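The values are calculated or read from the model by the stated rules, or taken from the named source; none is laboratory data. Note that the structure is predicted; figures quoted are calculated from it, not measured. Neighbour counts run over all protein chains shown; Cβ positions are idealised from the backbone, glycine included.
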Amino acid sequence: MAQVPDFLKQRQADWAELEHICRIAVRVNNRPTAEMVCRLSELYRAACADLALAEAQQLSPEVLDYLHRLVGQAHNVLYRHPQSLPRQWLRTLFIDVPTTAVRDKMIWLSFAVFWGLFLLTGFFSRQSEGFAGAVVGRETLDGIEQMYSGSFSEEYPTIMAVGFYIVHNVGIALQCFASGALFVLPGLFVLVFNAIFLGTIFGHMSQTAQADTFFEFVTGHGPFELTGICLAAGCGMRLGFSLLETGDLTRLASFRRAARQVAPVLLMACIFFVLAAVIEGLISPSGASLETKQWVATVSTVALLAYFSTGLLAKPNHG
């Protein structure tokens, strides 16, 4: 840029800052913080004054062109049209949600507790003949064994089954979420119960004559359903923890802030449950081969890993 008079030289740092904020504002994977937006307004007004002063002083065309472009860029950032609703939702679900999930300690705790207990009880259930009966009851085990004593056929899958599983699965999500919102511990209890129950059943069924039929049924929809349980429970515990750790906010304000953060994550958990229900109603009980169902589970797992990996790559939004 051409020589700038001394009375404008002190403004160059602010111009550089304004450029930096504008660059952040137009990135896809990042957004300016609330503080940056306030600072942007302040710097924009100052840049307009600088431009008027530069024009009055008849500075070089290079300086005037730079200030015109800077003011125009800041104006477009401040007064641009908001994103369309579909684009906002896509950004929320595929950028903000995984970013929030992978950075939330309560969600990490939820996954750690669930999978830790699931694997532990599954191991004990396989190793000890009486463990499963002591945990869930012999009557429950007999009922599950009876349920998977037959073979699958093409007559099983129905849209009615999908509807039933959607209602059932979303009910589990809301139960995990709502109990966690009650000061964390009730939600932790529900999570622990589900982990122990499911882990025990999986471990026991792996040792029975119905093992092949059982795992053929649960393999396809398992990734989405179990991930949904952990997400929903983590959201509830985050909400409950906001009542205990409020920072400088009132309990109500802390609760509202946490609710805004976890609501999209809970929505994605429900979407996972719906996807699990579709697989559970149409594919899991069908006559499709075990290899096909394993392929569905593999694709689901890879999709989940890729989805949450975007949260590790994206920069957190503090706005």
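Per-residue answers, yes or no, for (1) in contact with a helix residue (DSSP H, G or I) (Cβ under 7 Å, 6 or more places away or on another chain); (2) within 30 Å of Ser309 (Cα to Cα):
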| residue | (1), (2) |
| --- | --- |
| Gln73 | yes, no |
| Tyr79 | no, no |
| Gln88 | no, yes |
| Leu93 | yes, yes |
| Trp108 | no, yes |
| Phe114 | yes, yes |
| Ser128 | no, no |
| Glu139 | no, no |
| Glu145 | no, no |
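Against the conditions (1) of a type outside the set (A, V, I, L, M, F, W, C); (2) part of a helix (DSSP H, G or I); (3) under 22 Å from Gly150 (Cα atoms), where does Ser286 fall short? Just the number, please.
(2)
Looking at the stretch 78-105 only, could you name the residues that are surrounded by 19 or more Cβ atoms within 10 Å (Cβ to Cβ) and out of contact with any Phe, Trp or Tyr (no Cβ under 6 Å at 6 or more places or on another chain)?
Across the stretch 78-105, the qualifying residues are Ile95, Asp96, Val97, Thr99, Thr100, Ala101, Asp104.
Out of Gly122, Gly133, report the one residue that is surrounded by 17 or more Cβ atoms within 10 Å (Cβ to Cβ) and without any contact (Cβ under 8 Å) to a residue 60 or more places away in the chain.
Only one candidate passes the filter, namely Gly133.
For residues in the stretch 213-252 being buried (at least 22 other Cβ atoms within 10 Å of the Cβ) and of a type in the set (Ser, Thr, Tyr), which is nearest to the chain's Cα centre (by Cα)?
Thr227
Mind checking which residues of the stretch 288-307 are surrounded by 14 or more Cβ atoms within 10 Å (Cβ to Cβ) and within 16 Å of the chain's Cα centre (by Cα)?
The answer is Ser300, Thr301, Leu304, Tyr307.
Would you mind finding the one in Phe164, Phe197 that is at pLDDT 90 or above and either more than 15 Å from Gly281 (Cβ to Cβ) or assigned by TED's automatic domain parsing to the domain that holds Ser289 (or both)?
So the residue among Phe164, Phe197 that is at pLDDT 90 or above and either more than 15 Å from Gly281 (Cβ to Cβ) or assigned by TED's automatic domain parsing to the domain that holds Ser289 (or both) is Phe197.
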